[in-house]
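Below is one structure, written out as structure tokens; comments come after it.
The values are calculated or read from the model by the stated rules, or taken from the named source; none is laboratory data. These figures come from a predicted structure and were not determined experimentally. All Cβ positions, glycine included, derive from the backbone under ideal geometry; neighbour counts span all protein chains shown. In case anyone asks, the SASA skips ligands and DNA or RNA and just uses the protein heavy atoms, side chains included. Shrake-Rupley method; radii C 1.70, N 1.55, O 1.52, S 1.80 Å.
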Amino acid sequence: MYDMTDPVAAHQAAVEAELKRLADQERRQQSRETGSEHRPNGFVLRKWRWLGVNGADAVIAVRDALAEMLQSPDVLEHLQDGYEQHIRQAIDGSPDADGLLPAVGAALRNCAPKDVLNHLRTLNAAEVEWFTAEGMARQDILCSTAPSVLLSQARRHPTGGPAYTLFTSVATGGAVPLPRNLLPDVLSWAPRSVVDDLVDRSAITAEDMPWKHRPDGERLHLRARLTPRKLTRDEAQALGWTAFVRRAAFVAGEELERDQAQPDVYDLLTEVADGDLSRLHELDAVLPTEQRTQLRNLRAGSYLGSWPPVFLADRGLWALMSALWDPQDVVNPRLSDFHAWVAIRRTYDLVLEGRLEEAGKQAEAFDRSAKGTDAPSSGVQEVLAEALNFAAYVALAADDLKNAEELLTRAESLDPLATHNLRLVRAWRETPKNDRGPLTNPYLDLSLPHGCADWEARYRDLVRDARDDVTEYARLNRIRGRIQEADLHAAEDDVFFWLPLDLTWYETPRDVPQSIVPPLVPLQRRTAPTGGAEIEAVRARAAVELLDDFRVTVPHLDRHRR
């Protein structure tokens, strides 16, 4: 089987077909020579010449073809008695000039398509002109071992019916187009690989709905090739289309079964979207061109923390963008919801690192945005209470209780969770300075989230590092004492400043990164390239179609030509 779209393979197929034809011709010649006593005499040759069959070899070839027709049970069953008699008379050497052609035409119409093609090849080799002028031109192309060459050299392509047009299109690799109005006529019988060729060449589109004309086993395959977005996950599963199923699960945010040894694009997308930069180069290598460009643009934006709106709006990219970007200065939360999210997380990180002055500046950026002339972004509005709470904590650490109370009063109007901290600050303001203890949160002083259960391990590590620093050692012991006393009275929620108010602001969004998800690619063909067998099937169908041009009367010929 040869890929007829490959010029080398097509040439090889043509060579083999020609060798087979020559071998058959030699075999027939030997058969005729061994049976020379049956060769027609001059009187019989003159009778055949009146029918356009010239020469003894041509007469023998036609006579053999007629005898082979009568060996077919289907032909004998459906052939009229008069027609059978005309054919038998011709075989015996007395062809009837008026009755033979209608009889041969009727016999050919009752032959199997492949037999029709073989008989037409016999007539063509014998140069018998029993077709109309247009039919003879089509017969030459159908019987040629290199039809594409004849079609390329012809000044005018002879037109024909659906099967013939499909044959010329297949033979030329699509150079001869197949009109769309002929599709319903050929789709019901065309070989599957030929249909896939038409899809590959866009000769068939979704608007043609070819699946309506194909067997049940092929309909789903064609829909997957032409309208993949309309398939359900169950239908893709039935096709064994793994790429579709995994993409659908990824887009739906479902957990995927991962292959760590050979991860696919969706495994890598999952890890990179979670902020794993170690798989970034692997992902870049497997993404399609458009998504690879998007990924590289996203990486380029991390140098200045500036991205186009499509990236900033894609919450599925936030974890990756924040992993790529390490801002060293105050982040302007007014720029976008993403910048507001990064700014509030940076404020918390600075508090945990003990860099309270920088944390205060970052928290103040939210307040400036809220008080600005331009309307603050929705991200600023949503986390403003949290930012005011951070600013109040920084003021509290600087023993500025008045400012802390003012900030918390505003925070409480936005989020009731700030009520606890406001109540603490007001109580501390009413308490003489010498009678109140430290105001900061001891967990945060250890660079731990509030209420961390494993605070003692952190405490021991810090004590070990500060064994030569008496001041630091004493500070750590005071922190331990505050936590232990709160645990003893089960009062940690009442005596410590809550920071943050809502931890959900610090969680990474789990949305799907829409901007770099590969698009759904139509299912690739699952048939082998169209080969000789498929082309012969189309050629045989076209041969049957050619019988419409078979003559019923003898052509006007020069009966005296040699």
Note down all Cβ pairs under 8 Å where the first residue falls in segment 520-537 and is touching a residue at least 40 places away in the same chain (Cβ under 8 Å) and part of a helix (DSSP H, G or I), the second is open to solvent by 50 Å² or more (accessible area, probe 1.4 Å) and among the aliphatic types (A, V, I, L, M), and they're at least six residues apart or on different chains. 532/1; 533/1
Assuming residue 156 fulfils every condition listed in (1) in contact with an Asp or Glu (Cβ under 7 Å, 6 or more places away or on another chain); (2) closer than 28 Å to residue 136 by Cβ; (3) among the basic types (Lys, Arg) apart from one, which condition is it? (1)
Inspect all residues belonging to segment 481-494 and state whether any of them is basic (Lys, Arg) and either part of a loop (DSSP other than H, G, I, E, B) or at pLDDT 90 or above (or both). no
Some residue of segment 366-379 being in a helix (DSSP H, G or I), hydrophobic (A, V, I, L, M, F, W, C), within 30 Å of residue 309 (Cα to Cα) and within 50 Å of the chain's Cα centre (by Cα): yes
Looking only at helices (runs of 4 or more DSSP H) that fall completely inside segment 97-179, which ones have 1 or more residues that are within 22 Å of residue 19 (Cα to Cα)? 113-125, 133-143, 147-153, 162-171
Subset of segment 335-365 (residues that are outside any helix (DSSP H, G or I) and either open to solvent by less than 10 Å² (accessible area, probe 1.4 Å) or closer than 24 Å to residue 298 by Cα (or both)): 335, 336
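Residue-wise test of (1) under 23 Å from residue 391 (Cβ atoms); (2) acidic (Asp, Glu); (3) over 54 Å from the mean Cα position of the chain (by Cα); (4) open to solvent by less than 40 Å² (accessible area, probe 1.4 Å).
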position	(1), (2), (3), (4)
428	yes, no, yes, yes
440	yes, no, yes, yes
484	no, no, yes, no
494	yes, yes, yes, no
What number of residues in segment 89-112 are open to solvent by 60 Å² or more (accessible area, probe 1.4 Å) and at pLDDT 90 or above? 1
Would you mind stating whether residue 252 is touching a Phe, Trp or Tyr at 6+ places or on another chain (Cβ under 9 Å), more than 27 Å from residue 331 (Cα to Cα) and not basic (Lys, Arg)? no
In segment 385-426, what residues are closer than 17 Å to residue 351 by Cα, open to solvent by less than 10 Å² (accessible area, probe 1.4 Å) and under 54 Å from the mean Cα position of the chain (by Cα)? 385, 386, 387, 388, 389, 390, 392, 393
Spot the failing condition for residue 182; the list is (1) in a helix (DSSP H, G or I); (2) crowded, with 21+ Cβ neighbours inside 10 Å; (3) of a type in the set (A, V, I, L, M), and only one is missed. (2)
I need the full set of residues from segment 294-308 which are more than 17 Å from residue 331 (Cβ to Cβ) and open to solvent by 70 Å² or more (accessible area, probe 1.4 Å), in order please. 296, 297, 299
In the set 193, 202, the lone residue that is in a loop (DSSP other than H, G, I, E, B) and closer than 28 Å to residue 160 by Cα is 202
Filter segment 288-321 down to residues that are within 22 Å of residue 384 (Cα to Cα), assigned to a helix (DSSP H, G or I) and in contact (Cβ under 8 Å) with a residue 60 or more places away in the chain, then give me how many there are. 3
Is segment 314-334 home to any residue that is buried (at least 19 other Cβ atoms within 10 Å of the Cβ) and among the hydroxyl-bearing types (Ser, Thr, Tyr)? yes
Name the single residue that is most open to solvent (accessible area, probe 1.4 Å) among those in segment 242-287 being of a type in the set (Asp, Glu) and in a helix (DSSP H, G or I). 282
Considering every residue within segment 66-75, establish whether at least one is at pLDDT below 85, open to solvent by 60 Å² or more (accessible area, probe 1.4 Å) and not hydroxyl-bearing (Ser, Thr, Tyr). yes
Only one of 319, 285 that is of a type in the set (A, V, I, L, M) and farther than 25 Å from residue 507 by Cα: 285
If you go through segment 221-241 one residue at a time, how many are in a loop (DSSP other than H, G, I, E, B) and open to solvent by 40 Å² or more (accessible area, probe 1.4 Å)? 2
Exactly one condition in (1) more than 30 Å from residue 185 (Cα to Cα); (2) open to solvent by less than 60 Å² (accessible area, probe 1.4 Å); (3) in contact (Cβ under 8 Å) with a residue 24 or more places away in the chain is not met by residue 540; state its number. (1)
Can you say whether residue 79 is open to solvent by less than 40 Å² (accessible area, probe 1.4 Å), in contact with a His (Cβ under 9 Å, 6 or more places away or on another chain) and not polar (S, T, N, Q), as far as the supplied structure shows? no
Contacts under 7 angstrom Cβ, first residue in segment 226-241 being without any contact (Cβ under 8 Å) to a residue 24 or more places away in the chain, partner in a helix (DSSP H, G or I) and open to solvent by 50 Å² or more (accessible area, probe 1.4 Å), 6 or more apart: 230/223; 231/223
Within segment 454-466, does at least one residue satisfy the condition of being without any contact (Cβ under 8 Å) to a residue 12 or more places away in the chain and within 30 Å of residue 419 (Cβ to Cβ)? yes
